[in-house]
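Asks: Dumping the structure here so I can ask a few things about it.
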Amino acid sequence: MTELGKLLIVDDEKVALKNLEHVMKKEGYAVTATGSGAQALAYLEKESFDLVLTDLRMEKVDGMQILKKCRESYPDIEVILITGYATLDSAVESMKQGAFYYIAKPFRLDEVRKVVHEAMEKIRLRRENRLLREQLEGMQGRVRIITQDAQMLRLLDLARQIAPTDCNVLISGESGTGKELFARFIHHHSQRQGGPFLAVNCGAFNEELLANELFGHMKGAYTGAQADKPGLLEAASGGSLFLDEVTEMSPAMQVKLLRVVQEREVLRLGATRSITVDVRFIAATNRDIQEAVKNGALRQDLYFRLNVVALQVPPLAGRREDIPLLAYHFLKKYAAIMKREVNEIAFEALALLKGYDYPGNVRELENIIERGVAIATGPVLSPAHLPDDLRELAIRTFRRKEGRLPSLEEQEREYIQWVLQETRGNQTLAAQILGIDRVSLWRKLKRYRLEGGEEGG
């Protein structure tokens, strides 16, 4: 794309087409001009444009058909309609169909310049917002994994160490722990960082669809295959392919994938000749890998090919000191996206966040903070902005203690002790967080023989 943008101008009136082309080129836009609606559709298939400026009434393929095609297949392209047959009905219909603007002939060139400029400004803002979201997600020229946890830092050191070696990697961990982020981190620190990073969730497709997604197809390979389509294995050549939930692949698909990993060749569906590919494989699963191999969910030979280096990402509950760090990261992210002046998390809210076990891990914490920012009415995110079930601690996950499940009394004692530590022994504040009065708290402290701290704060 040029600095100002790329325009497609369509008008079957030669004089109007020539004038528009001249003016837009003079403004600094890269312009493709045609007098045929059918030719315009062909251009749209071959090239990428920012804006289409089209006459409404043309033979065979008219402006409304071009608008409809853009909305269906190229939703990022803005469309401006121009017509000498302007009526209120046609104007309303074009705007309903998603046109940016509707200009009646005869038009002033200054008016066209202004409308095109406004449309390009809308496109620029949309791109800036998209870039901002990517930056806030830590993906702007570098991959950020936010942690101060010793185990995570060791894992990052290992990932950084093996990244340039080009070996395959198998990442395991609960859902929401950031396995794809680790995969991106490895890709970014590898010699393939200039190449593509593509990801596919192997559990999201049935066998037939996954085969088409990974291997692609030739024209006529099946009903509806109207053109050749490269698969992700081809598209990722020169870069990395992230196979998420690899243990959800069918045994037959695992055999096909094994051949690609071994031979570095891909055979599209319906093809007779293989295509050489150069891909680094990074796979992930939320299952116990050894158990998956043992019960046949993951073929042993594929496991050995993928598991050159293994990374085990810990659950968020196992790295609690990262919770405030991540909470503030997400607070900043969603305050910027939603344009809200929320910049602080109340102490009581932070205590609740740190006490929760997060069965959904980092993804769940992010959702909690996003919701909080959306409903916050001031600069501070308070307990009132957290979900009811978290605030009331009605839903918690309980992990095994020395190989057995802890009793309710043990859980209550441990939690009361933790809240007192977090409130620096302030019984009034601790009772508020626990949702009980100070007398009830005093009885529990006596029953569990816990140090009570101060009565007020």
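The values are calculated or read from the model by the stated rules, or taken from the named source; none is laboratory data. From a predicted model like this one, the values you see are computed outputs, not experimental measurements. Neighbour counts are summed over all protein chains in view; Cβ atoms, including those assigned to glycine, are modelled from backbone coordinates with ideal geometry. Side chains are part of the model used for accessible areas, which takes the heavy atoms of the whole protein and leaves out ligands, DNA and RNA. Shrake-Rupley method; radii C 1.70, N 1.55, O 1.52, S 1.80 Å.
Asks: Scan the stretch 234-276 residue by residue and report those that are part of a loop (DSSP other than H, G, I, E, B), within 22 Å of H189 (Cβ to Cβ) and in contact with a helix residue (DSSP H, G or I) (Cβ under 8 Å, 6 or more places away or on another chain).
Replies: Step one: list which residues in the stretch 234-276 are part of a loop (DSSP other than H, G, I, E, B), which gives 236-239, 245, 249-250, 264, 267-268, 270-274.
Narrowing further to those that are within 22 Å of H189 (Cβ to Cβ): 236-239.
If the condition is that a residue be part of a loop (DSSP other than H, G, I, E, B), within 22 Å of H189 (Cβ to Cβ) and in contact with a helix residue (DSSP H, G or I) (Cβ under 8 Å, 6 or more places away or on another chain), then G239 is the only one that fits.
Asks: I'd like to know if the stretch 267-278 contains one or more residues that are within 21 Å of S172 (Cα to Cα) and either among the aliphatic types (A, V, I, L, M) or open to solvent by less than 10 Å² (accessible area, probe 1.4 Å) (or both).
Replies: Checking the stretch 267-278: not a single residue is within 21 Å of S172 (Cα to Cα) and either among the aliphatic types (A, V, I, L, M) or open to solvent by less than 10 Å² (accessible area, probe 1.4 Å) (or both).
Asks: OK, next. Check K444 against each of (1) basic (K, R); (2) exposed (fewer than 13 other Cβ atoms within 10 Å of the Cβ); (3) more than 18 Å from E348 (Cβ to Cβ) and name the one condition it does not meet.
Replies: Unmet for K444, out of (1) basic (K, R); (2) exposed (fewer than 13 other Cβ atoms within 10 Å of the Cβ); (3) more than 18 Å from E348 (Cβ to Cβ): (2).
Asks: A further question on this structure: Scanning for something among the polar types (S, T, N, Q) and more than 29 Å from the chain's Cα centre (by Cα), does the stretch 253-264 turn up at least one residue?
Replies: Looking for residues that are among the polar types (S, T, N, Q) and more than 29 Å from the chain's Cα centre (by Cα), one finds at least one in the stretch 253-264, hence yes.
Asks: Say whether the condition of being more than 26 Å from F185 (Cα to Cα), of a type in the set (S, T, N, Q), assigned to a loop (DSSP other than H, G, I, E, B) and open to solvent by 50 Å² or more (accessible area, probe 1.4 Å) is met by at least one residue in the stretch 293-311.
Replies: Within the stretch 293-311, one or more residues are more than 26 Å from F185 (Cα to Cα), of a type in the set (S, T, N, Q), assigned to a loop (DSSP other than H, G, I, E, B) and open to solvent by 50 Å² or more (accessible area, probe 1.4 Å).
Asks: Ok, one more. Would you please name the residue that is nearest to L298 (Cα to Cα), looking only at residues in the stretch 197-233 that are part of a strand (DSSP E or B) and out of contact with any Phe, Trp or Tyr (no Cβ under 8 Å at 6 or more places or on another chain)?
Replies: Looking only at the stretch 197-233, we keep the residues that are part of a strand (DSSP E or B), and these are 197-201, 216-217, 229-230.
Retained after the next criterion (residues that are out of contact with any Phe, Trp or Tyr (no Cβ under 8 Å at 6 or more places or on another chain)): 201, 216-217, 229-230.
On the way: N201: 15, G216: 23, H217: 26, K229: 28, P230: 26 Å.
So the residue we want is N201.
Asks: Out of the residues in the stretch 314-338 meeting the condition of being aliphatic (A, V, I, L, M) and under 19 Å from the mean Cα position of the chain (by Cα), tell me which one is nearest to R184 (Cα to Cα). Steps first, please.
Replies: First, pick out the residues of the stretch 314-338 that are aliphatic (A, V, I, L, M): 316-317, 323, 325-327, 331, 335-338.
Add one more test, that the residue is under 19 Å from the mean Cα position of the chain (by Cα), and what stays is 326-327, 331, 335-338.
Numbers: L326: 18, A327: 22, L331: 23, A335: 25, A336: 24, I337: 23, M338: 26 Å.
Top of the filtered list is L326.
Asks: Filtering the stretch 222-237 down to residues that are in contact (Cβ under 8 Å) with a residue 12 or more places away in the chain and farther than 15 Å from V261 by Cβ, which residue is nearest to the chain's Cα centre (by Cα)?
Replies: Filtering the stretch 222-237 down to residues in contact (Cβ under 8 Å) with a residue 12 or more places away in the chain leaves 222, 225, 228-237.
Next cut, farther than 15 Å from V261 by Cβ only: 222, 225, 228-230, 235.
On the way: Y222: 31, A225: 29, D228: 28, K229: 24, P230: 23, A235: 19 Å.
If we take residues in the stretch 222-237 being in contact (Cβ under 8 Å) with a residue 12 or more places away in the chain and farther than 15 Å from V261 by Cβ, then A235 is nearest to the chain's Cα centre (by Cα).
Asks: With (1) crowded, with 19+ Cβ neighbours inside 10 Å; (2) part of a helix (DSSP H, G or I); (3) touching a Lys or Arg at 6+ places or on another chain (Cβ under 8 Å) as the list, and L20 as the residue in question, which single condition is left unmet?
Replies: Exception for L20: condition (3).
Asks: If you scan the stretch 326-345, which residues turn out to be open to solvent by less than 20 Å² (accessible area, probe 1.4 Å) and part of a loop (DSSP other than H, G, I, E, B)?
Replies: Selection gives V342 alone.
Asks: What pairs come out if I take residues in the stretch 12-40 that are under 21 Å from M120 (Cβ atoms) and pair them with residues that are crowded, with 18+ Cβ neighbours inside 10 Å and acidic (D, E) whose C-beta lies under 6 Å away, six or more apart or interchain?
Replies: Partner pairs satisfying both residue conditions: L17/D11; V31/E21; A33/E21.
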